[in-house]
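Report on the following structure.
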Amino acid sequence: MKNRMAYDYSELLQRTENWAQQAYELGWISEVNPTSFLQKEKNPLFENTMRPLIVAFMGGTGVGKSALLNRLAGKPIAKSGVARPTSKEITIFHHQNITLPQLPLTDIRVANHDDDSQKNVVWIDMPDFDSTDTHNKELVLSWLPHIDILIYVVSPERYRDEKAWRLLLAEGANHAWLFVMNQWDRGQIEQADDFEKQLHVAGFDAPIIFKTCCDILSNLNDEFNELAETLTSLATQKTVEQLEQRGEHIRINALHNQLQNYLLQFGNTAALKKLHSHWLSNWKSTATQLQQGFTWQLQPLAQQFAKLSPFEKGIECLWDHWAKTRFDDTLNVLVIDTQNFGLPTKPLEIELLSLREKAQKQFTSNTELQTRRAITERGNLVQRTLLKLVGIAEIILPLAAMSWVGFQVVNGYYESNQTHDHYLNLDFAIHSTLVCGLSWLVPFFILKKCQPSLEKCALRGLNKGILQSLENLNQEVIMAIEQFEQQRATQLQNANALLTLCESITSEKIEFERNSTLNRMMI
Ligand SMILES: Nc1nc2c(ncn2[C@@H]2O[C@H](COP(=O)(O)OP(=O)(O)OP(=O)(O)O)[C@@H](O)[C@H]2O)c(=O)[nH]1
Ligand SMILES: [Mg+2]
């Protein structure tokens, strides 16, 4: 069970980080937040759960954290003194049988003891958390994930050090806490009561507070032994496991929250529909504008095409600076709309970038192709078929007429021989000439007059090409929006799968017995 959990967590962490990295690279999230220190791998100090309980003193400077550890050790193992802050390093105090692995952390002093009653507790004295020395604060923060129980030490005068208290509020739910009001020789019961009240406000129903005095000159009876005994009694395998499992849940919940925060940047799905319709209406007016803007260049271009000779000026001149600016402006409006609808703009901008670059080439090559086709295949299909038929008639009709005349000549000759009548007369000669001439001339004139001019064809081709190229650009943008939608859906799907995984792991609640020591240590 334990191993499964640990594996699940590290895998989850890795997958979440990979997901976030990819979402960032694609522009869906503005930055990859560093995984919070509490979410990092649990206890690199001890890899398995057969380990001692790790307990640390934390709090403001001069409250007596080092003095408490020294008292526990019975010798001055940690620097304790009047200089503020005194401790600038971590002091670890543990039984000689415990072998600490190679520590990944710096600024450490280690001291051993041979008191078997304390063999399952590792005590840690941390530097203060509220001094101006940021090094101390960072040191404490880097150690927090490795600590099972935090002992928040205060003094009667200063039991709410600004930064340490803020850390308590921020990380309260992530740790188990005990409280020590040290320097009790100077303390008043009202101060202890007030401290307790403050802890209630911070979320502890029944905080465990020990009043201690580490001043050797004072003979005050204090609760130092109770503190040590409480921790010794907590140093069982079961508690360590429970705390570790709770830590695991907390880290997974934090991961869950982080993922949810990332997802806030993805906007809502309804906005995508609006984006589509906005684009279509924007494009309609842009396309009309562009068409109007191209008109003045069409006639000279068509004339050039009609010459059927190499161009002086390429068709690229159609997609000039003006057209490019109109097109870019419309894409910019789309990007601004995306932002106004609460969607991230970067992924769409990435999609549109290549389109901005290839728009001119795509537009001109397609328009040119249409024009070339229009010149090669003059007129529309009906015109072309009719002209083809007339072309055939231009050959067939004169042939038919001539055959008919030939037949009449032969037949007339034959009949005039039989009947000794006169041969074909002058009328026949005139009529047959007319029939032959007209049968050729009529189709010839139709062909001549109805064949569309090259210039007209080029103009028609240009117009058709422009319309089609503009529609192609429109389709490309629609595809970019769809691609944007698709990518968003995939990212969301992956994130939701991770969220579900987090929820399935944390669904099994960890309950501590009511009023038990452990329960009183948690918010
Ligand atoms: N009167 C009195 N003085 C104490 C008591 N405990 C510690 N002191 C004194 O308070 C001063 C500060 O003690 P430290 O142990 O250095 O305090 P600390 O919390 O470790 O301080 P930093 O290392 O700076 O964070 C020292 O001069 C101690 O002698 C106490 O119970 N009563
Ligand atoms: Mg100290």
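The values are calculated or read from the model by the stated rules, or taken from the named source; none is laboratory data. Just so you know, these numbers come straight off a predicted model, no measurement behind them. FYI the Cβ positions are ideal-geometry reconstructions off the backbone, even for glycines, and counts take in every protein chain you see.
Take the conditions in contact (Cβ under 8 Å) with a residue 60 or more places away in the chain, outside the structural domain of residue 63 (by TED's automatic domain parsing) and surrounded by 20 or more Cβ atoms within 10 Å (Cβ to Cβ) and apply them to residue 180. Does it pass?
Answer is no for this residue.
Can you tell which of 343, 424, 434 is in a helix (DSSP H, G or I) and either within 60 Å of the chain's Cα centre (by Cα) or not assigned by TED's automatic domain parsing to the domain that holds residue 462 (or both)? Even if it seems obvious, please write down each step before you answer.
Values: 343 fails: in a helix (DSSP H, G or I); 424 fails: in a helix (DSSP H, G or I).
Within the list 343, 424, 434, the selection yields 434.
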Legend entry - For residue 244: the one exception among (1) outside the structural domain of residue 332 (by TED's automatic domain parsing); (2) away from ligand 2 (no atom under 16 Å from the Cβ); (3) modelled with pLDDT of 90 or more: (3)
Legend entry - Answer residue from segment 166-186, given it is of a type in the set (A, V, I, L, M, F, W, C) and within 14 Å of residue 149 (Cβ to Cβ) and is farthest from the chain's Cα centre (by Cα) among those: 180
Legend entry - Extreme residue, surrounded by the most Cβ atoms within 10 Å (Cβ to Cβ), among residues of segment 57-75 that are within 12 Å of ligand 1 (Cβ to nearest atom) and of a type in the set (Gly, Ala, Ser): 59
Inset, instruction - Take the residues in segment 76-129 that are within 16 Å of ligand 1 (Cβ to nearest atom), surrounded by fewer than 20 Cβ atoms within 10 Å (Cβ to Cβ) and among the acidic types (Asp, Glu), then tell me which one is modelled with the highest pLDDT. - result: 89
Inset, instruction - Take residue 415 and decide whether it is within 60 Å of the chain's Cα centre (by Cα) and either assigned by TED's automatic domain parsing to the domain that holds residue 465 or of a type in the set (Asp, Glu) (or both). - result: no
Legend entry - Test for residue 148: is it out of contact with any helix residue (DSSP H, G or I) (no Cβ under 7 Å at 6 or more places or on another chain) and charged (D, E, K, R): no
Legend entry - The one condition in (1) farther than 13 Å from residue 440 by Cα; (2) of a type outside the set (Asp, Glu); (3) out of contact with any Asp or Glu (no Cβ under 8 Å at 6 or more places or on another chain) that residue 395 fails to fulfil: (1)
Inset, instruction - Starting from segment 110-132, take each residue that is farther than 12 Å from residue 228 by Cβ and list its partners that are in a helix (DSSP H, G or I) and of a type in the set (Val, Ile, Thr), counting only C-beta distances under 8 angstrom and pairs at least six apart or across chains. - result: 120/232; 126/140; 127/140; 129/140
Inset, instruction - Can you confirm whether segment 197-214 contains a residue that is within 16 Å of ligand 1 (Cβ to nearest atom), out of contact with any strand residue (DSSP E or B) (no Cβ under 6 Å at 6 or more places or on another chain) and assigned to a loop (DSSP other than H, G, I, E, B)? - result: yes
Legend entry - Conditions (1) surrounded by fewer than 14 Cβ atoms within 10 Å (Cβ to Cβ); (2) touching a Pro at 6+ places or on another chain (Cβ under 6 Å): number failed by residue 440: (1)
